[in-house]
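The next block holds one structure in the form of structure tokens; read it before the comments.
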Amino acid sequence: MTSNEKTVYLDGNVLLAASTLEDKLHDETIEFLDLVRQADWKLIIGTPILLELEQLLYLGDMGWFRLRHALATLPKYEVKVVEDDHRRVLELANLYLEEKVLSERYFANLLILASATLADADYVVSWDSRRMANKSVVSAVNRVNVNRKLREIEVVTPKRLSQIIKEEVL
Amino acid sequence: MAKAREEESLSFLLDEKLKEFVTKNVLKAKPEEYEEAVGIAKEVIVPLSKAVERSKKLVRMLLLGG
């Protein structure tokens, strides 16, 4: 195993799938989290994910239930909450919007991409293969990042990153 | 367009809804408004997360009041 530690930023849908036993993506998500642990890589989330989780509070009993289980996933997999520079995250997300990385309907996704970039994440992991783990979205983000002298990021699904870890790390 | 596999996941669909709410709340927010929204989320979620870590029993009391 290489000692090259990577930082993996989790999207909210990964946390929710990991914490819901009956979910169709649960087993693959857990396999992915176990592989990250075996590879000794670091898992993080940023404040845009906290904004998402907070919304669960407004969804009644089901929301409380999902929130409690999602939060239980954080210590279980040693997921750390990174301290964002909120203004920079907002500014970068607005720049992505200006550059039409995604439309304003998906501004929350842009906040996550900005937060992950500024947190120096190597990978953003999301089950959303249309608006996140999508080549044209990643290219558009990285065009802005290169122009701004920020690091380039990779956005992949848990399934894809599991494959990378199995083939290249373990 | 064919349904993507993830669109059959309830967690995925719930997350899309949460992202919609976040977008509605912070799109076109001024920096100070965004900072306030993040500050509130941190004040609520971070202690709750620590409480979950410390004790499931304590969380049960917090959430269910019993």
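One line per residue, one yes/no per condition, for (1) open to solvent by less than 50 Å² (accessible area, probe 1.4 Å); (2) of a type outside the set (Gly, Ala, Ser):
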position	(1), (2)
A:LYS6	no, yes
A:ASN13	yes, yes
A:SER19	yes, no
A:LYS24	no, yes
A:PHE32	yes, yes
A:ASP40	no, yes
A:ILE44	yes, yes
A:PRO48	yes, yes
A:LEU53	yes, yes
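Kindly check whether there is at least one residue in the stretch A:125-132 that is among the acidic types (Asp, Glu) and either open to solvent by less than 20 Å² (accessible area, probe 1.4 Å) or touching a Leu at 6+ places or on another chain (Cβ under 7 Å) (or both).
Checked against the condition, which is being among the acidic types (Asp, Glu) and either open to solvent by less than 20 Å² (accessible area, probe 1.4 Å) or touching a Leu at 6+ places or on another chain (Cβ under 7 Å) (or both), the stretch A:125-132 yields at least one hit.
Just to be sure before I move on: is B:SER49 modelled with pLDDT under 95, among the small types (Gly, Ala, Ser) and surrounded by 13 or more Cβ atoms within 10 Å (Cβ to Cβ) in the structure I sent?
Numbers: modelled with pLDDT under 95: yes; among the small types (Gly, Ala, Ser): yes; surrounded by 13 or more Cβ atoms within 10 Å (Cβ to Cβ): yes.
Considered against the rule, which asks whether it is modelled with pLDDT under 95, among the small types (Gly, Ala, Ser) and surrounded by 13 or more Cβ atoms within 10 Å (Cβ to Cβ), B:SER49 comes out as yes.
Considering the stretch A:70-90 alone, what residues qualify as being assigned to a helix (DSSP H, G or I), open to solvent by 40 Å² or more (accessible area, probe 1.4 Å) and in contact (Cβ under 8 Å) with a residue 12 or more places away in the chain?
Answer for the stretch A:70-90, where residues must be assigned to a helix (DSSP H, G or I), open to solvent by 40 Å² or more (accessible area, probe 1.4 Å) and in contact (Cβ under 8 Å) with a residue 12 or more places away in the chain: just A:ARG88.
From the residues in the stretch A:133-155 that are more than 12 Å from the chain's Cα centre (by Cα) and under 26 Å from B:SER9 (Cα atoms), which one is most open to solvent (accessible area, probe 1.4 Å)?
A:LYS135
For the stretch A:100-118, does any single residue satisfy the condition of being closer than 26 Å to A:LYS24 by Cβ, touching a helix residue (DSSP H, G or I) at 6+ places or on another chain (Cβ under 8 Å), in a helix (DSSP H, G or I) and of a type in the set (Lys, Arg)?
yes
Determine the pairs where a residue that is within 14 Å of chain B (Cβ to nearest Cβ), located within the stretch A:129-150, has a partner that is open to solvent by 80 Å² or more (accessible area, probe 1.4 Å) with Cβ atoms under 8 Å apart, the partner being 6 or more residues away or on another chain.
A:ALA133/A:ARG160
Quickly run through the stretch B:1-17 and pick out the residues that are assigned to a loop (DSSP other than H, G, I, E, B) and loosely packed, with under 13 Cβ neighbours inside 10 Å.
Matches in the stretch B:1-17: B:MET1, B:ALA2, B:LYS3.
In the stretch B:18-46, which residues are more than 7 Å from chain A (Cβ to nearest Cβ), over 11 Å from A:LEU51 (Cβ atoms) and exposed (fewer than 15 other Cβ atoms within 10 Å of the Cβ)?
B:LYS24, B:LYS28, B:LYS30, B:GLU32, B:GLU33, B:GLU36, B:GLU43 - these are the residues of the stretch B:18-46 that are more than 7 Å from chain A (Cβ to nearest Cβ), over 11 Å from A:LEU51 (Cβ atoms) and exposed (fewer than 15 other Cβ atoms within 10 Å of the Cβ).
Would you call A:LEU67 surrounded by 24 or more Cβ atoms within 10 Å (Cβ to Cβ), at the interface with another protein chain (Cβ under 10 Å from one of its Cβ atoms) and in contact with a Leu (Cβ under 8 Å, 6 or more places away or on another chain)?
Against the criterion (surrounded by 24 or more Cβ atoms within 10 Å (Cβ to Cβ), at the interface with another protein chain (Cβ under 10 Å from one of its Cβ atoms) and in contact with a Leu (Cβ under 8 Å, 6 or more places away or on another chain)), A:LEU67 qualifies.
Restricting attention to the stretch A:103-116, does a residue exist that is closer than 20 Å to A:ASP40 by Cα and open to solvent by 60 Å² or more (accessible area, probe 1.4 Å)?
No, there is no match, as no residue in the stretch A:103-116 is closer than 20 Å to A:ASP40 by Cα and open to solvent by 60 Å² or more (accessible area, probe 1.4 Å).
Which pairs do you get when a residue that is more than 13 Å from chain B (Cβ to nearest Cβ), found in the stretch A:105-127, comes within reach of a residue that is among the polar types (S, T, N, Q) and part of a helix (DSSP H, G or I), reach meaning Cβ atoms under 8 angstrom, with the pair 6+ apart or on two chains?
A:THR117/A:ASN145
The values are calculated or read from the model by the stated rules, or taken from the named source; none is laboratory data. These numbers come from a predicted model, not from an experiment. No Cβ is skipped: glycine too gets one built from the backbone with ideal geometry, and neighbour counts run over all protein chains shown. Ligands, DNA and RNA are stripped out before the accessible areas are found, and what is left, the full protein with its side chains, is counted by its heavy atoms. Shrake-Rupley method; radii C 1.70, N 1.55, O 1.52, S 1.80 Å.
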